[in-house]
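Engineer: Mind looking over this structure? Questions follow.
The values are calculated or read from the model by the stated rules, or taken from the named source; none is laboratory data. Since this is a predicted model, take the numbers as computed values, not measurements. Quick reminder, even Gly has a Cβ in these numbers, built from the backbone with ideal geometry, and neighbours come from all protein chains shown.
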Amino acid sequence: MRGAIQRPFYNGHRAAGSNRTACGSAHLSGYTYAMHTPLLLMLMIVVATGCKTLSQRAGEAPAAANQDRIASVQCVLQTANPPIDPETFDSVKARAGDGNPACMAALAMMYRGGDAYGVDQDLARARALFAKLALVDPAIHAVLGHMAEQGEGEPVDYAKARTLYGLSGAAGALRLAGLLEHGRGGAQDLPGAMELYTDTMRHFQDDAWNAMGRLRAQGQSLNAQQRERYQQIWVRGLVTQVRERLNVAHVRAAMKASTEGSTAISAKVMFTFTSANGTPQARLKQKTGDANLDAALLKAAAMVTMGEFGPFTGDQKTLEVVSPLVMVPRAQ
């Protein structure tokens, strides 16, 4: 027999908004930072949603639309594993010339990547293709913003980058926040940067979360809405911490020894946090009745930490979080 821990799952609320954009190409701008895979995802989304070409007219025959989707798939597959041979490059270029967005994106990627794809780099052509795609999907402005910020084929222009990131919506929000934080391309705007960071953060200790923490450490406060978002993500992060820390070898071994019978064993671990400290005091609010298992749980619970990030406690000095645990015998 071996034990299995069951825990309630915290159903935190996600920020309002959607990742869906025109022609389903929201992921294109992501490839700027992570190269091939996000672009591949974007192109496959274009194919799956049946995105029309930039020049396609309403009422196009179904056969022609189907051919366009096939061309999109081919452009994806042909450019997925660089370097690209000249014949493939010419094929993608021809289909991009027909206005196929997926093939335009692939061609722009190749022009921008240059040697990595085995082609001559042409940043001006890459920029022109991205600009055309941005007419259909504003999120693509984030790619253009990154090119301006990095000075790709043009002088570094932080002011232009700010404008382009602003036009891209959520796709460029994190990069725009960085420019606002450091006063690049315009006046420093810490409240504006904080707003963008808190709107953008999705997970505990992701890039936006850590940037938010950096501004807080510098004295920038959160408003009520931002504190609520902080708390939601913080709690989800704590749930992950508890799951990871309690699912360790010495706890599993103690569970196995204690649950050889058929009766489930319950326990409750209480974590007490202060607003100034992300490392809680842990104790068993409800013991299992097995001293060895209790000791194993406490040892594991003592490893739970949220680092420098404490919770908001309101008028209270502390926040107590109780994690119910159920150990259920399972057959091997």
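Engineer: Within region 240-264, restricting attention to residues that are of a type in the set (Val, Ile, Thr) and surrounded by fewer than 19 Cβ atoms within 10 Å (Cβ to Cβ), which residue is nearest to residue 326 (Cα to Cα)?
Structural biologist: Looking at residues that are of a type in the set (Val, Ile, Thr) and surrounded by fewer than 19 Cβ atoms within 10 Å (Cβ to Cβ), I get 263.
Engineer: Would you check if residue 212 is surrounded by 14 or more Cβ atoms within 10 Å (Cβ to Cβ) and not in a helix (DSSP H, G or I)?
Structural biologist: No.
Engineer: Given the conditions (1) crowded, with 17+ Cβ neighbours inside 10 Å; (2) under 28 Å from the mean Cα position of the chain (by Cα); (3) assigned to a loop (DSSP other than H, G, I, E, B), and given that residue 307 satisfies all but one, which numbered condition is not satisfied?
Structural biologist: Failed condition: (1).
Engineer: Shifting gears a bit: Take the conditions assigned to a loop (DSSP other than H, G, I, E, B) and of a type in the set (A, V, I, L, M) and apply them to residue 222. Does it pass? Walk me through how you get there before you give the answer.
Structural biologist: Working: assigned to a loop (DSSP other than H, G, I, E, B): yes; of a type in the set (A, V, I, L, M): yes.
When the stated conditions are applied, residue 222 passes them.
Engineer: One residue is enough: does region 153-172 have a residue meeting the conditions within 18 Å of the chain's Cα centre (by Cα), more than 23 Å from residue 123 (Cα to Cα) and part of a helix (DSSP H, G or I)?
Structural biologist: Scanning region 153-172 turns up at least one residue that is within 18 Å of the chain's Cα centre (by Cα), more than 23 Å from residue 123 (Cα to Cα) and part of a helix (DSSP H, G or I).
Engineer: Separate question: Within region 101-110, is even one residue surrounded by fewer than 15 Cβ atoms within 10 Å (Cβ to Cβ) and either touching a strand residue (DSSP E or B) at 6+ places or on another chain (Cβ under 9 Å) or on the phi < 0 side of the Ramachandran plot (or both)?
Structural biologist: Quick first cut of region 101-110, residues surrounded by fewer than 15 Cβ atoms within 10 Å (Cβ to Cβ) only: none.
No, region 101-110 has no match at all.
Engineer: List, please: which pairs have Cβ atoms under 6 Å, are six or more places apart or on different chains, and start with a residue in region 101-113 that is closer than 15 Å to residue 137 by Cβ and outside the structural domain of residue 124 (by TED's automatic domain parsing) and end with one that is modelled with pLDDT of 95 or more and surrounded by fewer than 24 Cβ atoms within 10 Å (Cβ to Cβ)?
Structural biologist: That search, which allows pairs on different chains as well, returns nothing.
Engineer: I'm trying to understand the selection: among the residues of region 284-304, which are surrounded by fewer than 18 Cβ atoms within 10 Å (Cβ to Cβ) and assigned to a loop (DSSP other than H, G, I, E, B)?
Structural biologist: 287, 289, 302, 303 - these are the residues of region 284-304 that are surrounded by fewer than 18 Cβ atoms within 10 Å (Cβ to Cβ) and assigned to a loop (DSSP other than H, G, I, E, B).
Engineer: Looking only at region 310-332, which residues are in a strand (DSSP E or B), under 25 Å from residue 231 (Cα atoms) and in contact with a Lys or Arg (Cβ under 7 Å, 6 or more places away or on another chain)?
Structural biologist: Looking only at region 310-332, we keep the residues that are in a strand (DSSP E or B), and these are 318-330.
Filter again for under 25 Å from residue 231 (Cα atoms), leaving 318-325.
Those that are in a strand (DSSP E or B), under 25 Å from residue 231 (Cα atoms) and in contact with a Lys or Arg (Cβ under 7 Å, 6 or more places away or on another chain): 322, 323, 324, 325.
Engineer: Please specify each residue of region 69-128 satisfying the condition of being of a type in the set (Val, Ile, Thr) and not in a helix (DSSP H, G or I).
Structural biologist: Going residue by residue through region 69-128, those that are of a type in the set (Val, Ile, Thr) are 70, 73, 76, 79, 84, 88, 92, 119.
Matches in region 69-128: 79, 84, 119.
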